[in-house]
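Note sheet for the following structure.
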Amino acid sequence: MLFRDLKSEIAEIRDEIDGALARVLNSGNLILGTELEAFEDELGAYHDGLHVAGVASGMAGLRLLLQAYGIGSGDTVMVASNTYIATWLAVSAVGAKVLPVEPSITSRNLDASALPEVPPVGTRAILVTHLYGEPCDMVALRRYADRHGVLLLVDAAQSLGAEWKGSRSACMADGAALSFYPTKNLGALGDAGAVISQNSEIISTVKALRNYGMKKPGIHDLRGENARMEELHASVLRVKLRYLGERQDKLRRLAGLYIKQLAGVSTIQLPAPPRQVTHAWHLFTVLVNDRDLIQEKMFQVGIETAVHYPVPPHRTGAYASEFAWDSFPVASRISGSILSLPLYPSMRDEDVFHVVSVLTEALAL
Ligand SMILES: *Cc1c(COP(=O)(O)O)cnc(C)c1O
């Protein structure tokens, strides 16, 4: 069984995708045109009226969001010690310093109670990741951010479709970056991303930064770059956005089935989203002992699984010189035992039952 099935997801709406692409090709307008504007409006409407800037990737979105808030050299940004390395890299890319904070082993999300009592001087923001699609505890984080006068930003690359107490915009605090990498909940036909915020000035700054710092034609007020979302991607994302709700419903049902079927297995730690949260289920992850062995056994009977992520950022070559090997025991423990099970909308109930029986069998051996 596949881990993902992008081929069939594309095939299901192929005619509409072809139609969108044809519309762009016939228009002859390939960059910064009407498709991007329409997509930004539609994604804004999906987020209860927030402002949106389409960009070239999730990484570009994170970088430009930080830059738009004026975060750079001499500043510190708190991040989760177990997030995908892109979160850290974006902070480093603007010249700021990362201050990793440990996650809770239950939510795998940055643990608000692990935040330093007082943020170090120079701390400008907490950049949390709603990892695997589960929103962080935004009430506790907001309280902390307000008390200490720091921004609350979100790496929402995995959490499109998530809700906090029924609200999508509340998931996003002072600003968020989204990724439309093909395997994400809303996937483009290549790289694309977005920045969303309630702050319209921040979004117009991001729009300038993505286009060489240009606010008006020929006027370069900022040191920007090229990080524009292409019209072809915007046109396809508009089609796929219409199916997002349906897609999320399917994932939520399948994830519920996994949880129900695995609930009694004491050797597995399941995701346990709190009641006020709607999980986006970008990934269905479990914690197991002997993860590599379990993964290998499942692979041998034809079930693809994945590991997100096998090495915590502080142990990578990119950051090992800055942090001691054993600095973040919770992140390290998670990376040693986390396992992502197959989850995609066209999975049938029987597929879930099959994965569950193979996994429980592997655990029993
Ligand atoms: C995918 C992802 C990114 C990067 O998005 P790209 O579009 O690949 O640049 C950043 N952070 C997290 C948590 C991600 O999952």
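If I filter the stretch 122-141 down to residues being hydrophobic (A, V, I, L, M, F, W, C) and surrounded by 18 or more Cβ atoms within 10 Å (Cβ to Cβ), which single residue comes out as nearest to the ligand (Cβ to nearest atom)?
Taking the stretch 122-141 as the starting set, the residues that turn out to be hydrophobic (A, V, I, L, M, F, W, C) are 125-128, 131, 136, 138-141.
Right, trim to surrounded by 18 or more Cβ atoms within 10 Å (Cβ to Cβ) and you get 125-128, 131, 136, 138, 141.
Details: A125: 15, I126: 15, L127: 10, V128: 10, L131: 7, C136: 12, M138: 16, L141: 16 Å.
Filtering the stretch 122-141 for residues that are hydrophobic (A, V, I, L, M, F, W, C) and surrounded by 18 or more Cβ atoms within 10 Å (Cβ to Cβ), the one nearest to the ligand (Cβ to nearest atom) comes out as L131.
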TODO: Could you tell me whether the stretch 142-160 includes any residue that is over 19 Å from V77 (Cα atoms), more than 16 Å from the ligand (Cβ to nearest atom) and assigned to a loop (DSSP other than H, G, I, E, B)?
DONE: no
TODO: Report whether or not R147 is of a type in the set (D, E, K, R) and farther than 30 Å from N211 by Cβ.
DONE: yes
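Based on this model, can you work out whether I202 counts as assigned to a helix (DSSP H, G or I) and touching a residue at least 40 places away in the same chain (Cβ under 8 Å)? Reasoning before the result, please.
Working: assigned to a helix (DSSP H, G or I): yes; touching a residue at least 40 places away in the same chain (Cβ under 8 Å): yes.
Taking the combined requirement at face value, the residue satisfies it.
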Open item on the list: Looking at the stretch 170-184 only, could you name the residues that are modelled with pLDDT of 95 or more and either open to solvent by 10 Å² or more (accessible area, probe 1.4 Å) or away from the ligand (no atom under 14 Å from the Cβ) (or both)?
Closed with: D174, G175, S179, Y181, P182, T183, K184
- [ ] Among what's in the stretch 15-43 and is under 17 Å from N211 (Cα atoms) and open to solvent by 40 Å² or more (accessible area, probe 1.4 Å), pick the residue that is farthest from the chain's Cα centre (by Cα).
- [x] N29
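Residue-by-condition table, conditions (1) outside any loop (DSSP other than H, G, I, E, B); (2) touching a residue at least 24 places away in the same chain (Cβ under 8 Å); (3) surrounded by fewer than 16 Cβ atoms within 10 Å (Cβ to Cβ):
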site	(1), (2), (3)
G95	no, no, yes
L99	yes, yes, no
R108	no, yes, no
E117	no, no, yes
P120	no, yes, yes
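Go through the stretch 82-93 and give me each residue that's outside any helix (DSSP H, G or I) and touching a helix residue (DSSP H, G or I) at 6+ places or on another chain (Cβ under 7 Å). I'd like the intermediate steps shown before the answer.
Filtering the stretch 82-93 down to residues outside any helix (DSSP H, G or I) leaves 82-84.
N82, T83 - these are the residues of the stretch 82-93 that are outside any helix (DSSP H, G or I) and touching a helix residue (DSSP H, G or I) at 6+ places or on another chain (Cβ under 7 Å).
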TODO: Could you tell me whether S159 is out of contact with any Ser or Thr (no Cβ under 6 Å at 6 or more places or on another chain), polar (S, T, N, Q) and in contact (Cβ under 8 Å) with a residue 40 or more places away in the chain?
DONE: yes
Open item on the list: Let me confirm something: among D249, D191, which residue is at pLDDT 95 or above and part of a helix (DSSP H, G or I)?
Closed with: D249
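Restricting the stretch 148-169 to residues that are over 11 Å from the mean Cα position of the chain (by Cα) and of a type in the set (S, T, N, Q), which is surrounded by the fewest Cβ atoms within 10 Å (Cβ to Cβ)? It would help to see each step written out before you state the result.
Initial filter on the stretch 148-169 (over 11 Å from the mean Cα position of the chain (by Cα)): 148-153, 163-169.
Still in the running and of a type in the set (S, T, N, Q): 167, 169.
Numbers: S167: 13, S169: 18.
Among those that are over 11 Å from the mean Cα position of the chain (by Cα) and of a type in the set (S, T, N, Q), it is S167.
In the stretch 45-63, how many are outside any helix (DSSP H, G or I), away from the ligand (no atom under 16 Å from the Cβ) and touching a Leu at 6+ places or on another chain (Cβ under 8 Å)?
The initial filter retains those residues of the stretch 45-63 that are outside any helix (DSSP H, G or I), namely 47-57.
Adding the requirement that they be away from the ligand (no atom under 16 Å from the Cβ) leaves 47-51.
If we keep only those that are touching a Leu at 6+ places or on another chain (Cβ under 8 Å) too, we end up with none.
Count: 0.
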Task: The listed residue being surrounded by 20 or more Cβ atoms within 10 Å (Cβ to Cβ), of a type in the set (A, V, I, L, M, F, W, C) and modelled with pLDDT of 95 or more, out of L237, L244 - done: L237
Open item on the list: Looking only at the stretch 316-335, how many residues end up being open to solvent by 80 Å² or more (accessible area, probe 1.4 Å) and β-branched (V, I, T)?
Closed with: 0
Open item on the list: Take the residues in the stretch 69-85 that are on the phi < 0 side of the Ramachandran plot, open to solvent by 20 Å² or more (accessible area, probe 1.4 Å) and in contact (Cβ under 8 Å) with a residue 24 or more places away in the chain; name whichever of them is nearest to the ligand (Cβ to nearest atom).
Closed with: Y84
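The values are calculated or read from the model by the stated rules, or taken from the named source; none is laboratory data. Fair warning: this is a prediction, and the values are worked out from it, not measured in the lab. Note that we place each Cβ from the backbone using ideal geometry, even for glycine, and neighbour counts take in every protein chain shown. These area figures cover heavy atoms from the full protein model, side chains too; ligands, DNA and RNA do not enter into them. Shrake-Rupley method; radii C 1.70, N 1.55, O 1.52, S 1.80 Å.
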